[in-house]
Amino acid sequence: MPTKRYTGEDVVTAARRRIGFVFDHFEQVIVSVSGGKDSTALVHLALTEARARGRRVGVFFLDEEVMYQSTVEQVERIMGDAAAKRMWLQIPFHLTNATSTTEGQLRCWEPSQRKIWMRPKGPKNMKHKPWDESAERFRSGYKWLDFYGVIENFERCFENTAFLVGLRAAGESPNRWRAVTKNPVPIGGKNVYWATRKGSNVAMYPIYDWDFHDVWKYIHDHEVPYSRIYDMQFRKGYAMSEMRVSSLIHERAFKSICDLPEFEPRTYQRLLRRVKGIALAQETGKSAKLFACRKLPKNFKSWIAYRDFLLKTHPDRERLPIFKKRFARHLENEYVARQQCRQLLLNDYENNLPIDNTEDPREALVRYYDEVL
Amino acid sequence: MIRLGFNDREKAQAVSAYCAKHSIEKVFLIAPPRFMDVPMDVDVERLELSSIIEYRIFYRMMQEVGPGTLVIVNECLRKQYRSDLAYNCIRNFLLQTEHQIIFQHLPIVDSLDDFMILVDFDTRSRWRLHRWEPGFRGELDLVVKEVPLVFSEHRVEASPKDHERYSKEKRKLIDGIGLRDPHIIPRNLGLFTGTVKARHIDQGAHYVARNGRLRLPNLQTYRDTSFPHEYDVFEFCHNFVDFAEFVALTQQSRFRVMTTDLKVDRWYFDRYAAWAERLAGAYEALHG
């Protein structure tokens, strides 16, 4: 198992060296971007290297439609670089909608909804699936094309290609770090620990050892243009983990809808027309009794009773068995039940907000007080 | 600059001296309600700490705070969460000026890490992700007037019947805890022992208690705005920050604490004695 140690090399130099290595060993290099700070830094590094070598680099962006306008503008800026090969994909696929239980999935770029799309598709973008539909595959357990399903199908369109991803694994998530480093890929006689194999292609993470501040320092030092939404979120006092630019209706991001009318009033106006549940999410996204699920509604005596009620009345009968099956493996206590309520309220059948299945910490505190008082 | 343990007069003098030395065009003072009225010899616009996060104040401050602005942050260490929204907002204005004075009576709420919140204010968040290191001492304009807290016990006896009632009360609280916050167990038992201690109140002394339930003229609560006498502690408050504010308002450092032989009083007394030790440790660390 690889361990972390200081090498004396700074992370920017290391990332440049890694990107040079990628260009040395792959003819085709594609960078996945989201418009966020990490991919902004990564694509800047890759484009700099490509220009120095007189090459071009594919810039892949999977457009989720329900996004900040600032993100769209940021991606447009990146794609405008002469060394960037535009791969902006705008096709229908399913997104989790955490703001509504009756419309738990949004099919972005749905042709029948063209009139209320957040914005028209760009003339230079890819508006159709670049893969053969008869060979299209869904992810295991899914009956439809979701975000990661699209990425997998897209990647299969290429061979012997390096996909650069701005994933960071330093400090924030030991699990992510293990996932990145556990299966090294042999390339050019070397075991590459910052890569994972994906069929005939390789996903590579040149900035995997950067932390939050390394990214911002790089952006500052190199005067890289970035999404202006970060400035608004910073001024508003968002915690680092809350500063996100991705889909506005995702389980982890929907809280940003609360501030959307202030940040981007036009985007909010369009989102109201496009997606169900937005007005409720805007008003109650941070409410302790609703989506934040911190306070028990007063007509329930326990989180367990509330959870049972939510299970009984959950409007999405198709996904109900997923929740029931998952909850059957959990401990039966108030601490776990509160988290289960949150998953139900957010319709998080994909388990993106995993449940901490442990003993209720309140019980330990009560035992302590019983002993000492 | 950071000034610890200053009284109102010393704070006013420090501000006047600072303004005389630098070309200050405007002075803002940010403080919790009970520390807003600290008298100053210069013109000061006073802002309540809780209003800082409101748009009408925050965006105005972002526009108005400039290189000629002095921001006084007075007794604002109220939460231990370093990324608290109010702290974030204050640090944002402070990025726009080099003139700030941080006044705080005690340097911590609970641990030395809390002091870094004041350091963040004073250093434009330079050491935002770091814990205290002795090396920071040389970088800070820090004056420390120590407030060594000393607690002594004034022991009163509870009767066997009180002990019996206490046990019953404790059992009732634990069995009926349900979804309520477990901290209500020591809190409510503390209130229970108050009924025992009330019998031993000295009419000539002044006391501070958690609330005014006993309706006695010589008993004030931690939430009062002024404390003109010297006070004994009738009962401790559960949160250290409330006691720290009481210490700042009274400028008192030695406290006689009324306790019974019921276990919750011992628990609270030991908890505060340990807190006073952590405070002493913090002073030691700051002196380097």
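When region B:153-179 is examined, which residues are found to be within 14 Å of chain A (Cβ to nearest Cβ) and exposed (fewer than 13 other Cβ atoms within 10 Å of the Cβ)? Correct list: B:167, B:168, B:171, B:172, B:175, B:176, B:178.
Among residues that are of a type in the set (D, E, K, R), on the phi < 0 side of the Ramachandran plot and without any contact (Cβ under 8 Å) to a residue 12 or more places away in the chain, residue B:245 is not included.
For residue B:93, are the conditions met, namely being touching a strand residue (DSSP E or B) at 6+ places or on another chain (Cβ under 7 Å), touching a residue at least 24 places away in the same chain (Cβ under 8 Å) and within 14 Å of another protein chain (Cβ to nearest Cβ)? For residue B:93, the condition - touching a strand residue (DSSP E or B) at 6+ places or on another chain (Cβ under 7 Å), touching a residue at least 24 places away in the same chain (Cβ under 8 Å) and within 14 Å of another protein chain (Cβ to nearest Cβ) - is met. Within region A:323-373, restricting attention to residues that are assigned to a helix (DSSP H, G or I) and open to solvent by 70 Å² or more (accessible area, probe 1.4 Å), which residue is farthest from the other protein chains (Cβ to nearest Cβ)? Per the stated criteria, the residue is A:325. If I filter region A:23-36 for residues that are in a helix (DSSP H, G or I) and touching a helix residue (DSSP H, G or I) at 6+ places or on another chain (Cβ under 9 Å), do I get at least one hit? Yes, there is a match, as at least one residue in region A:23-36 is in a helix (DSSP H, G or I) and touching a helix residue (DSSP H, G or I) at 6+ places or on another chain (Cβ under 9 Å). Which one of these is in contact (Cβ under 8 Å) with a residue 24 or more places away in the chain, under 23 Å from residue B:276 (Cβ atoms) and of a type outside the set (Ser, Thr, Tyr): B:196, B:147? The unique qualifying residue is B:147.
Please specify each residue of region A:270-279 satisfying the condition of being closer than 9 Å to residue A:100 by Cα and either in contact with a Leu (Cβ under 8 Å, 6 or more places away or on another chain) or of a type outside the set (D, E, K, R) (or both). Listed by number, the residues that qualify are A:275, A:277, A:278. Taking the criterion of being small (Gly, Ala, Ser) and under 21 Å from the mean Cα position of the chain (by Cα), the residues of region A:123-144 that qualify are A:140, A:141. Among the numbered conditions (1) in contact (Cβ under 8 Å) with a residue 60 or more places away in the chain; (2) more than 13 Å from chain B (Cβ to nearest Cβ); (3) open to solvent by 20 Å² or more (accessible area, probe 1.4 Å), the only one that residue A:206 does not meet is (3). Once region B:8-38 is narrowed to residues that are open to solvent by less than 70 Å² (accessible area, probe 1.4 Å) and in a loop (DSSP other than H, G, I, E, B), the residue that is nearest to residue B:246 (Cα to Cα) is B:32. With respect to being away from chain A (no Cβ under 14 Å) and open to solvent by 30 Å² or more (accessible area, probe 1.4 Å), residue B:223 fits the description.
The values are calculated or read from the model by the stated rules, or taken from the named source; none is laboratory data. Since this is a predicted model, take the numbers as computed values, not measurements. Cβ coordinates were reconstructed from backbone atoms using ideal geometry, including for glycine residues, and neighbour counts include every protein chain displayed. Only protein heavy atoms, including side chains, enter the accessible area calculation; ligands, DNA and RNA are left aside. Shrake-Rupley method; radii C 1.70, N 1.55, O 1.52, S 1.80 Å.
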